[in-house]
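Participant: My questions all concern the structure below.
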Amino acid sequence: PGRATSAVHNAMVSYCEAARDKGCFAIFDPPANQSATGIISYVESTASLLGLTEFAAIYWPRVKVLNPSKAVFGSASVLTIAPSGHIAGVYARVDNSRPGGIYVPPAGIENGRLFGVLGFETDEVLEEAKRDLVFPKRINPLTTFPGAPRHIDGARTLKGNGNFPTVAERRGVIFIEQSLKLGLLFAKHQNNTESLRATLARTVTAFLLIQLKNLAFSSSDPKKAFFVDFGEALNPPSVVFSGQVV
């Protein structure tokens with residue numbers, strides 16, 4: 001948190017996509033003292049993040065909070081800090097707000113509310129015209145409106161032309177994939193038989209039907225939402241003899 005440099009951000013992308021095999025999601029802090037045009041320049045040119053990945057999202061600007069310990073952080077009553085900790089807190093809160101919370105965009109005056117934030121590093125983010133500059137660059141602004149709480153005003157990943165361009169979509173798919181990996185460990189080292197494949201198919205189907213009920217998919221019809229295949233076409237003798245199940 002707070003190490004908002006091109007090297008760090010690109011290393012985080014590599015970690016999410018390569019080291020963790022697309023199994024985690026990165027929250028990017030903005031560099032300090034960035035105007036709307038400044039953060040656009042950073043994302044577009046300095047770090048070349050725009051369009052790079054759907055496994056990360058960047059938020060702007062930094063936030064102001066009460067100093068929790070003057071003995072540690074100095075005499076200032078208010079500190080300006082990186083927002084990623086607050087963003088992660090919003091993710092966690094929305095994830096746990098209801099079954100299927102991970103499929104809910106962590107943004108807006110309700111689901112994106114920022115608790116403990118007193119203000120923002122720049123007031124530019126309060127101007128709709130400035131937010132309209134950063135939106136097309138897939139930068140998620142933090143803002144407030146008259147009568148509204150301070151909140152996250154965007155739910156976009158850095159890549160708009162991928163399969164899952166929003167934070168909720170991409171993290172939802174990560175959740176499904178990681179859940180299935182853990183949930184199917186019982187099959188490890190078992191023989192690839194028709195009986196095992198039938199058990200696997202039932203297990204996966206049951207899990208996905210629960211996710212369907214939790215609004216994971218764009219359709220409420222299971223036949224349109226997903227399919228599960230452990231059939232012989234995917235598991236010919238060569239696969240069976242290699243000790244794998246597809």
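Participant: Taking N as the number of residues in the chain, what is its Cα Rg relative to 2.2 N^0.38 Å?
Facilitator: That works out to 1.21 for the chain.
Participant: Ignoring ligands, DNA and RNA, what accessible area per residue does the range 47-173 give at 1.4 Å, in Å²?
Facilitator: Dividing the accessible area of the range 47-173 by its residue count gives 45 Å².
Participant: If I take R0 = 25 Å and measure r between the Cβ atoms of Ser41 and Lys64 in this structure, what FRET efficiency does the formula 1/(1 + (r/R0)^6) give, to the nearest 0.05?
Facilitator: Once the sixth-power term is evaluated, E becomes 0.60.
Participant: Tally up the carbon and sulfur contribution to the accessible surface of the chain as a whole percent, 1.4 Å probe, everything protein left in place.
Facilitator: That share works out to 55 percent.
Participant: May I pose another question? I need the semi-axes of the equivalent ellipsoid of the range 1-97: take the C-alpha gyration tensor, multiply each eigenvalue by 5, square-root it, list largest first in whole angstrom.
Facilitator: 25, 18, 12
Participant: Can you list residues whose amide H is under 5 Å from Arg113's amide H, if they're 5+ apart or on another chain and H is modeled 1.01 Å from N?
Facilitator: Under 5 Å from the amide H of Arg113: Ile152.
Participant: Let me ask something additional. Would you calculate the volume per residue, in Å³, of the smallest convex hull containing every Cα atom of the range 134-246?
Facilitator: Convex hull of Cα atoms, per residue: 158 Å³.
Participant: I would also like to ask the following. At 222 nm, what value in deg cm²/dmol follows for the chain if DSSP H runs of at least 4 each add -39500 (n - 2.57) and the sum is divided by all its residues, to the nearest 500?
Facilitator: Value at 222 nm, helices only, nearest 500: -10000 deg cm²/dmol.
Participant: Mind checking which helices in the chain clear 18 Å along their axis (Cα) and have mean Kyte-Doolittle hydropathy of -1.0 or more, DSSP H runs only?
Facilitator: Membrane-span-like by this rule: 167-183, 194-213.
Participant: Shifting gears a bit: Quick one: check the C-alpha center-to-center distance for the range 190-229 versus the range 21-38, whole angstrom.
Facilitator: Using only Cα atoms, the two centres lie 35 Å from each other.
Participant: Could you give the C-alpha radius of gyration of the range 94-190 expressed as a fraction of 2.2 N^0.38 Å, taking N as the number of residues it contains?
Facilitator: Working it through for the range 94-190, the quotient is 1.38.
Participant: Can you give me the long-range amide H partners of Arg156? Hydrogens built in the peptide plane at 1.01 Å from N, cutoff under 5 Å, separation of 5 or more residues or another chain.
Facilitator: Here the answer is Val167, since their amide H atoms fall under 5 Å of that of Arg156.
Participant: Starting from the Cα of Val239, step 7 Å along the direction of its Cβ; do the same at Lys188; then give the gap between the two resulting points in nm.
Facilitator: For the pair Val239/Lys188, the computed spacing is 2.0 nm.
Participant: How many nm separate the modelled label positions at Asn214 and Thr199, each set 7 Å beyond the Cα in the direction of the Cβ?
Facilitator: Each label point is offset 7 Å from its Cα along the Cβ direction, giving 2.4 nm.
Participant: Right, next: What is the Å³ per residue value for the convex hull set by the Cα atoms of the range 149-213? Present the calculation step by step, with values, prior to reporting the outcome.
Facilitator: Working: hull volume 8.8 nm³, N = 65.
Dividing the Cα hull volume of the range 149-213 by its residues yields 135 Å³.
The values are calculated or read from the model by the stated rules, or taken from the named source; none is laboratory data. The structure presented is a predicted model; accordingly, all values stated were derived computationally and were not measured. All Cβ positions, glycine included, derive from the backbone under ideal geometry; neighbour counts span all protein chains shown. The protein model used for the area step is the full one, side chains on, heavy atoms only, and it has no ligands, DNA or RNA in it. Shrake-Rupley method; radii C 1.70, N 1.55, O 1.52, S 1.80 Å.
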